[in-house]
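A.B. asks: Can you read through this structure? Questions will come right after.
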Amino acid sequence: MQWRQLRSAHKNLPNMKRRWLLLLPIALVATPAVAAPKAITPGIGSIYSAPIGSEALAISGKNSIFLRNTENQSADIEITALDQGQNPVWSRLIDSGVDEIGTAISIDPLGNIWVSGASALPIASESTTPTVGIDNPDNVLIEAAGGLRTDMTNIGLWKISAAGELLATFQYAVPVIPTINSMSVTNSGLSMVGVLENKAFLLTATTSGVFGKITYIGTTKTELNTVIRNSDGSSTIYGSSAETIAGKKPAGIRDGLLVKVSKTGAISSILRSSANKGLRSWITGDATYLASGPVITGKNIETAITKFTSKFAPVWTLRLPSTGASQILSANGNSYLALTSRGSIPGIAQWKPAKPSLIVLTFDSKGVIKAATALPGLVKPLSLHFSATRGVTGLAAASDGTVSIFTLVSR
């Protein structure tokens, strides 16, 4: 079944984010982050079980919003809200009767939850007049034949209220099954990036469901991992590329790619981050131009975190031994990096994991590490979020694939 193939592909993406997640990383000419002035002993964060099968997390008010894909009579999307005590608040099943799968989730300024992914069109039932006479001598009523299942050749977009009510469903027809890697929603509308016809693309829409035109950026040699929607309708995109984009040629085997696309779909700014004979990728980035991702040179794998200006000029940067998996967050004047660490970290005391382990580092505005939080038993960060009531919250996976929610505050 095609939805199973798409779901499997999504889970194996390094976020396409996922195919490069354990691979690519980053190199820049920038002011190095200053070493911590004194050794910091990691604190221990709090870990809570997430709903089984959770694939993505968002924070809406005091609630944690989890996304998972399920298989019933068709492929469906389940959205579940838990309060701060991990108690169920509401659950919403998106089931149109045909296949749909969600791969990205975002919260708008009003607290509404937006989910994007792939969907099929509902099939209209055929009406059949019973046939009687010589061809039907027993006057048997012949039931209408059910329609065949359609392919998920639509970009699906669903809007859910903070209370769990499905407010709207929008669809955008495309030639083949799409994959949405990331979505961002602001008052100016929505931006989505992903893969279509084996090419990286950007698609925008209004919050009333009016879609723009698809903008392709590069070919199969380019990946767009994270998109940030700006207030003027433009989009900032973090990814990687092994081909020439907007006249900028690759300097490494694969470069990290930072692109700004105008409201009209034109590339207005571009920066390539390269490693000599190496592989790099920006896996995640945010609206403050903080980015992270893997850097691979030979057998060496690191995670790079870099703070840029709005003009794409690097302010500070740091590289740390890792598996390449990471997530970032800017909040309260700090920068946060969650990474799968595989070695000691300068300035962090008593940290030399025997096997890859999750740690969250807190940086000040100058790139100095000011705190560290260990999350025992967790390995791969999936997302980082912030709310006034919860502080820094994230979703991460253990080595056995189970998923948990964590906070930086000790129990």
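The values are calculated or read from the model by the stated rules, or taken from the named source; none is laboratory data. No experiment lies behind these values; they were computed from the predicted model shown. Glycine also receives a Cβ, built like all others from the backbone with ideal geometry; neighbour counts cover every protein chain displayed. We work out accessible area using only protein heavy atoms, side chains counted, and drop any ligands, DNA or RNA first. Shrake-Rupley method; radii C 1.70, N 1.55, O 1.52, S 1.80 Å.
A.B. asks: With a 1.4 Å probe and all protein chains left in place, how much of the accessible area of region 269-343 comes from carbon and sulfur atoms, in whole percent? Write down the numbers at each step before the final one.
C.D. replies: Details: 1260 of 2390 Å².
C and S atoms contribute 53 percent here.
A.B. asks: Right, something else. Taking region 199-267, how many lysine pairs are there with alpha carbons less than 21 Å apart, if each pair must be eight or more places apart or span two chains?
C.D. replies: Step by step, the pairs that qualify in region 199-267 add up to 13.
A.B. asks: Follow-up. Which residues in region 317-357 have a backbone N closer than 20 Å to a point placed 7 Å from the Cα of VAL409 along the Cα-to-Cβ line?
C.D. replies: 329-338
A.B. asks: Send over a whole-number figure in Å² for the accessible area per residue of region 304-365, probe 1.4 Å. Walk me through the numbers on the way to the answer.
C.D. replies: Numbers: 2300 Å² over 62 residues.
That works out to 37 Å² for each residue.
A.B. asks: Between PHE386 and ALA168, what FRET efficiency comes out of the Förster formula 1/(1 + (r/R0)^6) with R0 = 25 Å and r the beta carbon distance, rounded to 0.05?
C.D. replies: E between ALA168 and PHE386, to the nearest 0.05, is 0.40.
A.B. asks: Rounded to the nearest 10 Å², what accessible area does THR288 have for a 1.4 Å probe in the complete protein model?
C.D. replies: It works out to around 60 Å².
A.B. asks: Now, a different point. Applying 1/(1 + (r/R0)^6) with R0 = 60 Å to the Cβ-Cβ distance of ILE52 and VAL368, what FRET efficiency is obtained, to the nearest 0.05? Before the final figure, lay out each step's value.
C.D. replies: Working: r = 39 Å, r/R0 = 0.66.
Here the calculated transfer efficiency is 0.95.
A.B. asks: P(r) for region 177-247, please, calculated from all Cα pair distances in 10 Å bins and given in %.
C.D. replies: With 10 Å bins starting at 0, P(r) equals 22, 53, 23, 2.
A.B. asks: Is the shape of region 157-207 best called rounded, prolate or oblate, per the rule: a/c under 1.5 gives rounded, else a/b larger than b/c gives prolate, else oblate, with a ≥ b ≥ c the square roots of the Cα gyration tensor eigenvalues?
C.D. replies: Details: a/c = 2.41, a/b = 1.75, b/c = 1.38.
Here region 157-207 falls in the prolate category.
A.B. asks: How much accessible surface does THR393 have with a 1.4 Å probe, in Å² rounded to 10?
C.D. replies: THR393 has an accessible surface of roughly 0 Å² with all protein chains in place.
A.B. asks: If amide hydrogens are placed 1.01 Å from N in the peptide plane, which non-local residues have theirs closer than 5 Å to the one on ILE359?
C.D. replies: LEU339, SER341
A.B. asks: Count charges around GLY212 for me, please; just the other residues with Cβ under 13 Å from its Cβ, Lys/Arg as +1, Asp/Glu as -1. Write down the numbers at each step before the final one.
C.D. replies: Details: positive: LYS213, ARG229, LYS263; negative: none.
For residues surrounding GLY212, the net value is +3.
A.B. asks: Quick one: what does P(r) look like for region 274-341 with 10 Å bins over all Cα pairs, in whole %?
C.D. replies: 22, 55, 21, 2
A.B. asks: Kirkwood Rh and Cα-based Rg: tell me the resulting Rg over Rh for region 308-411, rounded to two decimals. Write down the numbers at each step before the final one.
C.D. replies: On the way: Rg = 13.6 Å, Rh = 14.2 Å.
Dividing the radius of gyration by the Kirkwood radius yields 0.96.
A.B. asks: What distance in nm separates the simple spin-label points at THR288 and ASN334, each placed 7 Å from Cα in the Cβ direction?
C.D. replies: 1.1 nm
A.B. asks: Can you send over the solvent-accessible area of ASP95, 1.4 Å probe, protein chains only, in Å² to the nearest 10?
C.D. replies: Taking all protein chains as shown, ASP95 has close to 80 Å².
A.B. asks: Any chance you could check the Cα centroid distance between region 237-276 and region 303-329 for me, in angstrom?
C.D. replies: Answer, in whole Å: 16.
A.B. asks: Compute the Cα gyration tensor for region 244-316, then decide on rounded, prolate or oblate, letting a ≥ b ≥ c be the square roots of its eigenvalues: rounded whenever a/c is under 1.5, prolate when a/b is larger than b/c in the other cases, and oblate in all that remain. Walk me through the numbers before you get to the answer.
C.D. replies: On the way: a/c = 2.39, a/b = 1.39, b/c = 1.71.
Oblate is the answer for region 244-316, as a/c is 1.5 or above yet b/c matches or exceeds a/b.
A.B. asks: For region 198-329, just say rounded, prolate or oblate: build the C-alpha gyration tensor, square-root its eigenvalues into a ≥ b ≥ c, call rounded for a/c under 1.5, and beyond that prolate if a/b exceeds b/c, oblate if not.
C.D. replies: In terms of gyration-tensor shape, prolate.
A.B. asks: Right, next: Of SER234, GLY252, PRO178, which is farthest along the charge dipole of region 140-290 in the positive direction, counting Lys and Arg as +1 and Asp and Glu as -1 at C-beta?
C.D. replies: GLY252
A.B. asks: Which order do you get for GLU55, GLU197, GLU165 if you rank them by accessible area with a 1.4 Å probe, largest at the top? List each step's numbers first, then the result.
C.D. replies: Values: GLU55 20, GLU197 85, GLU165 110 Å².
Largest accessible area first, the residues go GLU165, GLU197, GLU55.
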